[in-house]
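Beneath this line is the structure, given in structure tokens, with notes to follow.
The values are calculated or read from the model by the stated rules, or taken from the named source; none is laboratory data. Quick caveat, the model's predicted, so the values are computed rather than measured. FYI the Cβ positions are ideal-geometry reconstructions off the backbone, even for glycines, and counts take in every protein chain you see. These area figures cover heavy atoms from the full protein model, side chains too; ligands, DNA and RNA do not enter into them. Shrake-Rupley method; radii C 1.70, N 1.55, O 1.52, S 1.80 Å.
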Amino acid sequence: MLNRARATLTAATVAALSLTGLALAGPAQAVSDDIVISEVFGGGGNSGATLKQDFIELYNRGTAEVDVTGWSVQYSSSGGTTWAATAVTPLTGSIPPGTSYLIQEAAGTGGTVDLPTPDVTDDIAMSGTAGKVALVKNVTPLTCAADCDTAAGVRDFVGYGTANDFETAPTAALSNTTSASRDPVTTDTDNNLEDFTVGAPTPCGTGGCASEPPPGGTEGLFIHDIQGATHTSPYDGERVVDVPGVVTVVASNRFYMQDPAPDADPETSEGILVFGTPPAGLAVGESVLVDGTVDEFGFSGSLTTTELVSPTVTEVDPAATPIAPTVIGPGGRTPPTVVIEDDQFTSFDPRTDGIDFYESLEGMLVQVNDAQVVGPTSGFGEIPVVTAGAGPRTNRGGIIIRPNDFNPERIILDDALIASGKMPAANVRDTLPGANFGVLDYSFNNFKFLVTAAPAVASGGLQREVTAAPTANQLAVATMNVENLAATNPPEKFAQLASIVVDNMRSPDVVALEEIQDNDGPTNSVVTDASATFEAFIAAIAAAGGPTYDYRQINPVDDQDGGQPGGNIRVGFLFRTDRGLAFVDRPGGDATTPVQVTEINGRTALSISPGRIEPNDPAWEDSRKPLAGEFTYRGQTLFIVANHFNSKGGDQALFGANQPPVRSSENQRHQQAELVRSFADDLIASDPEARVVVLGDINDFQFSETMRILESTGSLTNLISRLPVNEQYTYVFEGNSQALDHTLLSPSLLQGRFGRPGYVYDVVHVNAEFADQASDHDTQVVRLTIQRCFGRNCARPGPAAA
């Protein structure tokens, strides 16, 4: 058995900085013969920190007292080229020879120990890892951009981490538990890398230095005692001593360990995260003893992660018995399949509640066998999977939500422990054959399986769907979310979306578009016009072999319709006229004028076309306004309403700290649904046989109150609810297949002749299940059977209809 000397993480050896290819600065100036920056620390109050505040320490290495009144210390970010007035701390008083001078900066929310009495107090929030500090003989903010180490008035300069300015070379990166300090304090060769040592912070001022934290703590505890059968450790905030474990994963700023001799209680986790820079050479499989403070780390609205912070590690045995991973799924521990949390945390039920099940495995080494992909690889390097037996499944391999079942059995594989960009692209129905290993962690309101190696992917062969083309007496009406499409987007995005319209949607007669941006996209200008965006999309469709579409839309009031700042997203119509469809243009429509139901020449009509539904109502605050358009086809009039209801942003998370989660965004959608349904009611009241299509991104589920309101009077019927349950989805979020996009029809469009259905409806799955997607929503196409009108009372296309 090998016993290494006890090593504190905060004093870990720092890897040598590679300077290959780096253009090094020469000596900053003549070496200072008196006042120097002697220590910098930016991790105060951060997670894992002992000290509550950031600080900068000066030292007088000369032989005479120096008055620093009128001097300043100034801070800039590692890559910054400006020095803000708010990052200037004026100094006062004198520094005797051989004495330190302490400048207290911003405090964080963590930490347990205050700085010793500072000589000056300010509130500059310094980075814990990389930045720049200048000692300046005046209080004027520097104007030397990223070349200040030699600037006039600069008495001393320190660049740490990845700073873009420094004396000769920057110090190594710091952390929440390490500072850069001169070693020895009297050294000054104008080389930050050589002059400074990274280690435990040791702040001193003219009044003295910080005392060592009191030794000791609770002894005799094991990991399962610290974790407890609960979401919050019974030892939260306490110092614990000699906690045994075997290292399972080592990362740059933390490691995980697990008890090799677990208790018999599956409700108490045997693993834990140790936060801080691991000792040099610490390896998976080593047996260790850890002293540290138990901390529940988290953010508002999220669960917390039990950690040991400010740790001291004793390495006991480099060749301990390896930890066997816990299998999740068949042959191991099976997660609940329906309930996430049903008792507001009043009891801890890992066997029935998903949120408790994963908590009972927090920090442990886990294994998932032959995982089945239920959501595409995300831009965050995550793959949602399930194991055999999960359900209910979609007809294409996903897992679908139900009113009281949001699928707690979903497992999100995350790439936090592997090289960036190495998580493979996977689609729904793919599999990850064999065993995949990781540790169970929690971040961004979700439990995550942090894989220790990139999984292999076996293709499930999922193909993008192709709908049927309309027959001669059918009118194809579609909805398509184009996800922030702007004229400034690359041609490849236009081409991919155009291909979907032509090849998969079969060039519908009408396409209700959501998320069309203005001509300069997210640039926050006064531009609201989107003509260039529409025209670029129309040209791309024609280039893909489709018809030449026309379009109608209304520019919004600048920055009033939500979405990406500056983008001014809106809904609009594309329509083709080569199959007999015509748009009825009726003037007067603008961003603030509401459309009304009226009668023209004895026929139900819109007062303006296109027109927005109640655009000034508070229900549409910071949200897209619906667009109503009047069309004619085969002598019949159709009213089509394109929608993009309020987003789900702001809703509480499924695995968050508040259970059941509050979906606050619903309230606005309920109001929006009332207005749209009332508009449909007005059309049906004017003409019970009115042909009305309401469609788009409703941002709510088919079983939601929003949809109940839309259908409540019988004027509209939601088509997706008529599909088999395993086909009721248009979107995949964190592996949950769900319906956010909907198409609703009035009664006259539901029933055709001789008792046959008057429509054929298809969700065209082309995006949501694929890692390579043109948009995050799938499209929908409904083919409406429209009987030709004969006689003088038929609708007439174009201005004559007015």
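Here are some notes:
- Fraction of beta bridges assigned by DSSP in the stretch 578-642 that are antiparallel (%, nearest 5): 95
- Counting only Cβ charges, +1 for Lys and Arg and -1 for Asp and Glu, the dipole size of the chain around its Cα centre is about 3900 debye.
- Looking at the stretch 271-395 alone, DSSP beta bridges between its own residues are antiparallel in about 65 percent of cases.
- Cα gyration tensor shape for the stretch 472-570, rounded if a/c is under 1.5, else prolate or oblate: prolate
- Helix axis angle, 666-686 relative to the chain longest principal axis, alpha carbon, degrees: 10
- The chymotrypsin sites (Phe, Trp or Tyr not before Pro) of the stretch 277-367 that DSSP puts in a loop, and whose beta carbon has at most 13 other beta carbons within 10 Å, are 299.
- The stretch 717-802: chymotrypsin sites (Phe, Trp or Tyr not before Pro) in DSSP loop, at most 15 other beta carbons within 10 Å: 790
- Packing-based ranking of 501-513, 239-251, 38-50 yields 38-50, 501-513, 239-251, ordered from highest to lowest mean Cβ neighbour count within 10 Å.
- Phi-based couplings in Hz for the stretch 186-202 (Karplus 6.51, -1.76, 1.60; Gly and Pro marked x): 8, 6, 7, 10, 6, 9, 4, 5, 7, 7, 10, 10, 8, x, 5, x, 9
- Ordering of 596-606, 665-675 by packing [mean C-beta count within 10 Å, highest first]: 665-675, 596-606
- Interchain or long-range residues, amide H under 5 Å from residue 476's placed H: 509, 510, 784
- Gyration tensor verdict on the stretch 340-410 (Cα atoms; rounded if a/c is under 1.5, prolate if a/b is larger than b/c, oblate otherwise): oblate
- With all protein chains in place and ligands, DNA and RNA left out, the 1.4 Å accessible area ranks 422, 137 as 422, 137, largest first.
- Relative to the longest principal axis of the Cα atoms of the chain, helix 531-543 runs at roughly 70 degrees.
- Residue-wise HN-Hα coupling along the stretch 457-470, computed from phi with Karplus coefficients 6.51, -1.76, 1.60 (Hz; x: Gly, Pro): 10, 10, 5, x, x, 5, 10, 5, 6, 10, 7, 7, 6, x
- Phi-based couplings in Hz for the stretch 446-453 (Karplus 6.51, -1.76, 1.60; Gly and Pro marked x): 8, 6, 10, 9, 7, 5, 8, 8
- Built amide H within the under 5 Å cut-off of residue 41, gap 5+: 55
- Looking at the stretch 659-749 alone, DSSP beta bridges between its own residues are antiparallel in about 100 percent of cases.
- Among [x] 1.46; [y] 1.30; [z] 1.16, the entry that matches Cα Rg over 2.2 N^0.38 Å as calculated here: [z]
- Over the chain: helical MRE at 222 nm, DSSP H runs n ≥ 4 each giving -39500 (n - 2.57), nearest 500: -2500 deg cm²/dmol
- Note on the chain: with neighbouring protein chains present and a 1.4 Å probe, carbon and sulfur make up 52 percent of its accessible heavy-atom surface.
- Per residue accessible area in Å² of the chain, where ligands, DNA and RNA are left out and the probe is 1.4 Å: 38
- Subset of 448/625; 52/648; 422/493; 448/648; 52/132; 493/625 violating a 30 Å alpha-carbon distance limit: 448/625; 52/648
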